[in-house]
Amino acid sequence: MTLLTFLVDWLRRLSLQFSNSLPRVATYTRELPVSLVRMYENAIDGEHLPWLHKDSFASLTILDKGAWGWRAKGHLQPPSFMTWMELELRLDADNNRWITTTLRGLGKGTQIVTHAVPLGENNIKVVVDFYVPKLPKFLHGLYARQFIDTYSRLYDEDLWMMATRQQELDRMGQGKPKDTAREVSLGTLHSVRRALPLRFELQDRPYRVVDLGGELIAHSTTCPHMLGPLQDANVEQGQVLCPWHGYRFDIRTRECTSGQQCKLAPAPEISVIGKSKEVVAKLP
Ligand code: FES
Ligand SMILES: [Fe+2]
């Protein structure tokens, strides 16, 4: 976001044009290897914007939400009075589409209409049309480039979230674990410490061992909210932060410390055994 973009948008909003037409300035299309269910779930989830899309959204406060969509206010990057906006997304599933409208602030009046066309069970095509009121024709190209660059990046990020969530749901839907062992050896204390934070699986569930004040502790690397990945999350003050919606969890107590009603799944206990100092992860 540059000062020039802000000024151009101000001039557009101030211009005295009384036409009701909403010119389409760009269209972005993309095939995505995800189901329509995952796509709708992503569209009505406004909470992920300032976390998953943190390079685009500096902040976003949800004002209202439901199965219909959401309304929110916040800032694009970088945060300033120039990048403030209020947005609304309305899902129109009967017509396989959702409409995002800028109600106030930067880009006021802009409507982004996304149609999702199912191509297969796990394959859809999105067609995103961008409409900007009162935009002079000679600026359509500039706006089109900005919309398409931004949306390619947003969909890269959304695809990662939707596909990862689907994999996790598939894994959980497989029923009883193939691996029924209740404990696993992680190696010697020396090798484990060198490999920290160390990922491992037990009963087909992913965990990670971290060092908290000299003590080795394991935690689940699946976020209990929407199955987000915690395996690469930094540990700060004994807590992990989920990259999808910013929920924070205390590794020792498993409690959610950002205020939401969820808790990390129980994790194996870590012990160091015998003279050989073998590190073992054991389910309680
Ligand atoms: S999946 Fe939403 S915060 Fe982790
Ligand atoms: Fe998104």
Would you check if Met162 is out of contact with any Ser or Thr (no Cβ under 7 Å at 6 or more places or on another chain) and in a loop (DSSP other than H, G, I, E, B)? no
Which of the residues that make up segment 180-211 are within 15 Å of Lys282 (Cα to Cα), open to solvent by 50 Å² or more (accessible area, probe 1.4 Å) and among the acidic types (Asp, Glu)? Glu183, Glu201
Odd one out for Asp149, checked against (1) assigned to a strand (DSSP E or B); (2) within 22 Å of the chain's Cα centre (by Cα); (3) without any contact (Cβ under 8 Å) to a residue 60 or more places away in the chain: (1)
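Among the residues that make up segment 235-242, is at least one of them within 16 Å of ligand 2 (Cβ to nearest atom) and either buried (at least 18 other Cβ atoms within 10 Å of the Cβ) or in a loop (DSSP other than H, G, I, E, B) (or both)? Steps first, please.
Initial filter on segment 235-242 (within 16 Å of ligand 2 (Cβ to nearest atom)): 242.
After this cut, where a residue has to be either buried (at least 18 other Cβ atoms within 10 Å of the Cβ) or in a loop (DSSP other than H, G, I, E, B) (or both) as well, the list is 242.
Within segment 235-242, one or more residues are within 16 Å of ligand 2 (Cβ to nearest atom) and either buried (at least 18 other Cβ atoms within 10 Å of the Cβ) or in a loop (DSSP other than H, G, I, E, B) (or both).
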Odd one out for Asp156, checked against (1) open to solvent by 50 Å² or more (accessible area, probe 1.4 Å); (2) within 16 Å of ligand 2 (Cβ to nearest atom); (3) touching a strand residue (DSSP E or B) at 6+ places or on another chain (Cβ under 6 Å): (3)
Taking Thr83, is it touching a His at 6+ places or on another chain (Cβ under 7 Å) and open to solvent by less than 70 Å² (accessible area, probe 1.4 Å)? yes
Would you tally the residues in segment 267-276 being exposed (fewer than 14 other Cβ atoms within 10 Å of the Cβ) and either within 16 Å of ligand 2 (Cβ to nearest atom) or assigned to a loop (DSSP other than H, G, I, E, B) (or both)? 3
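The values are calculated or read from the model by the stated rules, or taken from the named source; none is laboratory data. Quantities reported herein were computed from a predicted structural model and do not represent experimental measurements. Backbone-built Cβ (ideal geometry, glycine too); neighbour counts: all protein chains shown. With ligands, DNA and RNA removed, areas are computed over all heavy atoms of the protein, side chains included. Shrake-Rupley method; radii C 1.70, N 1.55, O 1.52, S 1.80 Å.
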